[in-house]
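Every number here is computed from the coordinates shown, using simple stated rules; none is lab data. Since the structure is predicted, the reported quantities are computational estimates derived from the model, not experimental observations. FYI the Cβ positions are ideal-geometry reconstructions off the backbone, even for glycines, and counts take in every protein chain you see.
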């Protein structure tokens with residue numbers, strides 16, 4: 001269901017999986033807690049299944065969001081529940097399944113420790129992806145004539161003129 005079509009369904013017929021477990025400022029759940037989400041509105045009939053673990057340093061921000069949700073009247077189910085919590089990351093079999101379904105021609109694992117990026121690249125190769133690359137933070141990847149090639153970083157970061165003062 002597209003976000004703009006949510007109102008066409010009875011709330012009892014919807015399960016919304018959303019971003020914002022760490023109360024990130026622009027994430028949908030956090031915006032909904034302020035009543036300013038364009039995607040959906042929280043009501044007292046809603047049940048929030050909070051399956052994430054709060055990342056250290058985010059405790060007060062998450063608690064403030066939960067308080068706002070509670071003030072709306074939504075029920076919040078959270079805690080150490082083996083039937084509710086799962087990892088925030090895909091398991092190897094799930095990653096492999098996605099790669100087999102999508103069948104990309106090129107593959108660049110991102111976000112994580114270099115060791116795990118190399119493992120993810122290896123998994124990609126095992127599913128038949130021939131063009132893969134792993135780059136380190138700060139490195140750039142050039143794409144030319146459908147071939148991957150590493151581009152050496154010049155050590156500068158482009159901020160864009162709007163960020164310069």
Proxy reagent accessibility, fewest Cβ within 10 Å first, across 46, 13: 13, 46
Degrees, to the nearest 10: 92-102 long Cα axis against longest axis of the chain: 80 degrees
Relative contact order [Cα under 8 Å, 6+ residues apart], the stretch 92-151, whole percent: 28 percent
Within the chain, percent of DSSP bridges classed antiparallel, to nearest 5: 50 percent
Crossing angle, helix 114-126 versus the chain [Cα axis fit, 0-90 degrees, rounded to tens]: 80 degrees
Length-normalised contact order for the chain - Cα pairs under 8 Å, 6+ apart - percent: 13 percent
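Quantify how much of the Cα-Cα distance distribution of the chain extends past 27 Å, in percent. It would help to have the intermediate numbers written out before the result.
Values: 6810 of 13530 pairs.
In whole percent, the share of Cα-Cα pairs in the chain beyond 27 Å is 50.
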Alpha carbon centroid spacing (whole Å) that separates the stretch 73-129 from the stretch 14-30: 19 Å
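Based solely on its DSSP helices, what 222 nm [θ] is calculated for the chain when runs of n ≥ 4 H residues each add -39,500 (n - 2.57) and the sum is averaged over all residues, nearest 500 deg cm²/dmol?
Using -39500 (n - 2.57) per qualifying helix, the result is -8000 deg cm²/dmol.
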Mean Cβ count within 10 Å, highest first, over the residues of peptides 19-32, 54-67, 78-91: 19-32, 54-67, 78-91
The chain: angle of helix 59-72 to the longest principal axis, Cα-based, in degrees nearest 10: 40 degrees
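One-quarter of the Cα convex hull surface for the stretch 3-77, in nm²?
Details: hull surface 18.8 nm².
For the Cα atoms of the stretch 3-77, the hull's average projected area reads 4.7 nm².
With the cut-off at 20 Å, report for the stretch 92-151 the share of all Cα pairs above it, as a whole percent. Let's see the in-between values first.
Details: 421 of 1770 pairs.
For the stretch 92-151, the share of Cα pairs beyond 20 Å comes to 24 percent.
Stretch residue 4-residue 101 to full length: gain in nm at 0.36 nm per residue minus the Cα-Cα span? Walk me through the intermediate numbers first.
Working: separation 97, 0.36 × 97 = 34.92 nm, distance 2.74 nm.
Stretched fully, the residue 4-residue 101 segment lengthens by 32.2 nm.
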Mean separation of Cα contacts under 8 Å, 6 or more apart, over the residue count of the stretch 3-77: relative contact order %: 31 percent
